[in-house]
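The block underneath contains the structure these notes are about, expressed in structure tokens.
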Amino acid sequence: MYIKRIKLENFRNYDNLDINFSKDFNLIYGNNAQGKTNILEAIYILALGKSFQTNKDQELIKIGKEKAIIELEYERKDREGKIKLEITEKKNFYINGIKQKRVSDIIGKLNIVLFYPDNINIIKQGPAERRKFLDIMISQLKPNYIHILNRYLKTLEQRNAYLKQIKFENKEKNILDIWDERLSELSSQIYEYRKIYIDKIEEKIKDIHKEITNCGKEEEEISIFFKTNGTNKKEYYDELKKNREIDIKKGFTSTGIHRDDFEIKINNKDISIYGSQGQQRTAVLSLKITELNIICDEVEEEPILLLDDFMAELDENRRTNLTKAIKNNQVFITCTDKISIDNKNNSIFYVENAKIKKQ
Ligand SMILES: Nc1ncnc2c1ncn2[C@@H]1O[C@H](COP(=O)(O)OP(=O)(O)OP(=O)(O)O)[C@@H](O)[C@H]1O
Ligand SMILES: [Mg+2]
């Protein structure tokens, strides 16, 4: 699959932009703060419904303007299409000119894997970053997953609101049974998806990581452990029931799949605690290459790769390993220098103050 063309209007620092891309490598280079990442962000939003840089849609509109438009044309093995987003006070997505009801309706049309320096947070930060990694990957592959997850989060919000009403307004505790019933049903469905994909990661990452670390040094064994507090509806229900009094006291739900996590171990030690900087970076690269392989296997097409300032921060060995993982993917690379790419079908774009020149 690949993106043929992208158009921007009042998006971030751009007034108007209309460019065609190469099917293979696209290098976007220029000084800091010129608009390189903004292009990748536009692509990412049209593929996944939201930005990787902000949750505030208003920030996406050019300062002083009221409406931003981003649009792209893509081609896949079996179809081609257009995805468009208009941002005003609201966000409206269009596929081939037809307005979509939900943001989630556009997810999965394009498959994207983003490599950027903040990926390290998957390891360094708390469980929320790891859940986000997992949720984005599964959503791209199983559109139903995002609906179930959204229903769960909505129900969770209702339960939390009701917990506060019990605490402050003395509402009837037994009504919680209704929320617990719904939450545990949805939890068991989410568990099934997450378990499948954690297993897939576990299966693939071992070899990928061995290959990256096997360069004369000691080979590292990587493993992934899924941490959740149930495996089926009954177990999730019982957990909710068990923690009911604590939850009422706290005013929020303390157990459930919104607390899921996975642990990454290297030679049996938790890497987020015991890993060196280098080990953490390598593990994150292994994880992202694993994601790339899983998406590629499932959709039977090469996903689009966005590498934002990423090449620059890899050493030669890691860079070689990443390059090996890139096959026929369309790739967008941003960097400050005009790095050389050994590929005949590449396009080079120079960005200066939101103007792009193809070289
Ligand atoms: N809503 C907005 N309106 C106008 N300008 C914006 C808006 N949002 C961001 N910008 C500006 O866009 C510029 C380019 O941002 P971008 O992140 O694309 O830079 P970059 O070329 O990737 O730089 P770097 O090499 O530092 O990563 C920045 O100067 C930023 O202030
Ligand atoms: Mg940037």
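The values are calculated or read from the model by the stated rules, or taken from the named source; none is laboratory data. None of the values given here were measured: they were computed from a predicted structure. Here the Cβ is made from the backbone with ideal geometry for all residues, glycine too, and neighbour counts use every protein chain on show.
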| task | Hey, can you tell me all the residues within region 1-11 that are surrounded by fewer than 21 Cβ atoms within 10 Å (Cβ to Cβ) and near ligand 1 (Cβ under 10 Å from one of its atoms)? | result | 10
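Conditions (1) surrounded by fewer than 21 Cβ atoms within 10 Å (Cβ to Cβ); (2) more than 19 Å from the chain's Cα centre (by Cα); (3) of a type in the set (S, T, N, Q); (4) within 14 Å of ligand 1 (Cβ to nearest atom), marked per residue:
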position	(1), (2), (3), (4)
23	yes, yes, no, no
28	no, yes, no, yes
42	no, no, no, yes
46	no, no, no, no
57	yes, no, no, yes
60	no, no, no, yes
72	no, yes, no, no
78	yes, yes, no, no
81	yes, yes, no, no
| Checklist (1) at pLDDT 95 or above; (2) more than 16 Å from ligand 1 (Cβ to nearest atom); (3) within 20 Å of residue 140 (Cβ to Cβ) applied to residue 104, failing item | (1)
| note | Over region 332-354, the set of residues more than 16 Å from ligand 2 (Cβ to nearest atom) and surrounded by 12 or more Cβ atoms within 10 Å (Cβ to Cβ) is 341, 343, 346, 347, 348
| request: Give just the number: which of (1) within 26 Å of residue 171 (Cα to Cα); (2) hydrophobic (A, V, I, L, M, F, W, C); (3) out of contact with any Leu (no Cβ under 6 Å at 6 or more places or on another chain) does residue 248 not satisfy? | output: (3)
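Kindly establish whether residue 181 is surrounded by fewer than 17 Cβ atoms within 10 Å (Cβ to Cβ), of a type outside the set (Phe, Trp, Tyr), closer than 22 Å to residue 104 by Cβ and under 31 Å from the mean Cα position of the chain (by Cα). Step through it out loud before you land on a result.
Details: surrounded by fewer than 17 Cβ atoms within 10 Å (Cβ to Cβ): yes; of a type outside the set (Phe, Trp, Tyr): yes; closer than 22 Å to residue 104 by Cβ: no; under 31 Å from the mean Cα position of the chain (by Cα): yes.
So residue 181 does not fit the description; no.
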| Name the pairs whose Cβ atoms lie under 8 Å apart, with the first residue in region 16-42 and not assigned by TED's automatic domain parsing to the domain that holds residue 356, the second near ligand 2 (Cβ under 9 Å from one of its atoms) and outside any strand (DSSP E or B), and 6 or more positions between them or separate chains? | none
| Members of region 291-331 that are under 21 Å from residue 110 (Cα atoms), aliphatic (A, V, I, L, M) and within 15 Å of ligand 2 (Cβ to nearest atom) | 306, 307
| said: Show me the strands (runs of 3 or more DSSP E) entirely contained within region 208-324 in which 3 or more residues are in the same structural domain as residue 157 (by TED's automatic domain parsing). | reply: 222-227, 261-266
| In region 173-209, what residues are modelled with pLDDT under 95 and of a type in the set (Asp, Glu)? | 207
| query | Do any strands (runs of 3 or more DSSP E) lying entirely in region 1-111 carry at least 2 residues that are away from ligand 2 (no atom under 16 Å from the Cβ) and in contact with a Phe, Trp or Tyr (Cβ under 6 Å, 6 or more places away or on another chain), and which ones are they? | reply | 68-75, 80-87
